[in-house]
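The next block holds one structure in the form of structure tokens; read it before the comments.
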Amino acid sequence: MKARVTVTLKNGVLDPQGQAIEGSLKSLGFSGVGAVRQGKVFDLALEGSDEAAARAALTNMCEKLLANTVIENYAIEISN
Amino acid sequence: MKSAVIVFPGLNRDRDMIAALTKISGTAPQVVWHQDADLPDVDLVVIPGGFSYGDYLRCGAIAARSPIMDKLRERAAQGVKVLGVCNGFQILIEAGLLPGALMRNKSLKFVCREVKLEVVNAATDFTRGYKEGQIIRCPVAHHDGNYFADADTIARLEGNGQVAFRYAEGTNPNGSINDIAGIFNEQKNVLGLMPHPENLIESAHGGSDGRALFSGLLGQAA
């Protein structure tokens, strides 16, 4: 099984990196960009085939390490 | 007072901290490697600055999950004093010993300069060498010192006297909420701060405003 964990900043948390990327896109001439928020993606290769167990383990991983839940949200996708 | 310094791979301010503790207390701190099984029996444990694990994932995140940090959490709960400076502050926050988060500087730039600090709460073991409201000089050197916490946490910190130091006179180098530079835990036995008081302790440093933090803590006259 494979899993993809996406970690993004919570709404309301200042994202100066996203703002800098937004400014750079605009300076390159990309119009119509309202706002940019940046984040992280983790691709994990998992042993076993129990999706529910994998989801529980991934949630635990996010809470304990992959995300800082003071400032970040996380989303988990699992595929075979 | 007996002290120990925990060293993680990637720290680079450990020798400055060891020198400061040695010069001010007269006794060298015990140096603890992050893989050591336990902490020595000391009154103060310090985590110095640097770039533990290359700042991978988030500053301090990997170091904060080291087994030695479970030991540190136990000691802190028993009232042992814990000081984290710069990356050490980031590690204490990631370990849950202090609330909030330290985010990328608002300017996105690494800032290495001197700032002014206001001593907000001087009624603690860490800050008793200063007067409340005193403005001191202190160097900073960091990329991720932008203190953030939700509004409830900020209100609690301010209400409980948990703000130790604030950037003063418009010198906030990172955009931190309420100009926060350093905070205590609720019991005031854990202090984390971004500035480097260990780098301003003698005339060769160009000043000694940082000295009172250590001399107050170590129970000596400044």
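Inspect all residues belonging to region B:80-89 and state whether any of them is of a type in the set (Gly, Ala, Ser) and within 21 Å of B:Thr153 (Cα to Cα). Checked region B:80-89: at least one residue is of a type in the set (Gly, Ala, Ser) and within 21 Å of B:Thr153 (Cα to Cα). In the set (1) of a type in the set (A, V, I, L, M, F, W, C); (2) within 14 Å of chain B (Cβ to nearest Cβ); (3) in a loop (DSSP other than H, G, I, E, B); (4) surrounded by fewer than 16 Cβ atoms within 10 Å (Cβ to Cβ), the condition left unmet by A:Ala20 is number (3). When region A:1-17 is limited to residues that are facing chain B (nearest Cβ under 10 Å) and either out of contact with any Gly (no Cβ under 8 Å at 6 or more places or on another chain) or assigned to a helix (DSSP H, G or I) (or both), the one that is surrounded by the fewest Cβ atoms within 10 Å (Cβ to Cβ) turns out to be A:Gly12. Scanning region B:110-123 for residues that are farther than 16 Å from B:Gly10 by Cβ and either facing chain A (nearest Cβ under 10 Å) or of a type outside the set (Lys, Arg) (or both) yields B:Val111, B:Cys112, B:Glu114, B:Val115, B:Leu117, B:Glu118, B:Val119, B:Val120, B:Asn121, B:Ala122, B:Ala123. Residues that are modelled with pLDDT of 95 or more, assigned to a strand (DSSP E or B), more than 18 Å from B:Leu217 (Cα to Cα) and out of contact with any Asp or Glu (no Cβ under 7 Å at 6 or more places or on another chain): does region B:32-45 have at least one? Looking through region B:32-45, at least one residue is modelled with pLDDT of 95 or more, assigned to a strand (DSSP E or B), more than 18 Å from B:Leu217 (Cα to Cα) and out of contact with any Asp or Glu (no Cβ under 7 Å at 6 or more places or on another chain). Residues of region B:109-125 that are among the small types (Gly, Ala, Ser) and buried (at least 16 other Cβ atoms within 10 Å of the Cβ): B:Ala122 alone.
Does B:Leu157 qualify as being away from every other protein chain (no Cβ under 14 Å), of a type outside the set (Asp, Glu), crowded, with 23+ Cβ neighbours inside 10 Å and in contact (Cβ under 8 Å) with a residue 12 or more places away in the chain?
Criteria not met by B:Leu157.
Filter region B:126-153 down to the residues that are aliphatic (A, V, I, L, M) and touching a residue at least 40 places away in the same chain (Cβ under 8 Å), then identify the one that is surrounded by the fewest Cβ atoms within 10 Å (Cβ to Cβ).
B:Ala141
Residues in region A:34-42: is at least one under 28 Å from B:Ala101 (Cβ atoms), at pLDDT 95 or above, touching a Phe, Trp or Tyr at 6+ places or on another chain (Cβ under 7 Å) and part of a strand (DSSP E or B)? So far as region A:34-42 goes, no, none of its residues is under 28 Å from B:Ala101 (Cβ atoms), at pLDDT 95 or above, touching a Phe, Trp or Tyr at 6+ places or on another chain (Cβ under 7 Å) and part of a strand (DSSP E or B).
The set of residues from region A:26-43 being within 14 Å of chain B (Cβ to nearest Cβ) and under 13 Å from A:Thr6 (Cα atoms) comprises A:Arg37, A:Gln38, A:Gly39, A:Lys40, A:Val41, A:Phe42. Within region A:45-80, how many residues are more than 14 Å from chain B (Cβ to nearest Cβ) and among the basic types (Lys, Arg)? Total satisfying the criteria: 1. Annotation note: of B:Arg75, B:Arg104, the sole residue that is buried (at least 16 other Cβ atoms within 10 Å of the Cβ), without any contact (Cβ under 8 Å) to a residue 60 or more places away in the chain and either away from every other protein chain (no Cβ under 12 Å) or over 25 Å from B:Asn199 (Cβ atoms) (or both) is B:Arg75.
The values are calculated or read from the model by the stated rules, or taken from the named source; none is laboratory data. Keep in mind it's a predicted model, so treat the numbers as computed, not measured. Cβ: placed from backbone, ideal geometry, glycine included. Neighbour counts: every protein chain shown.
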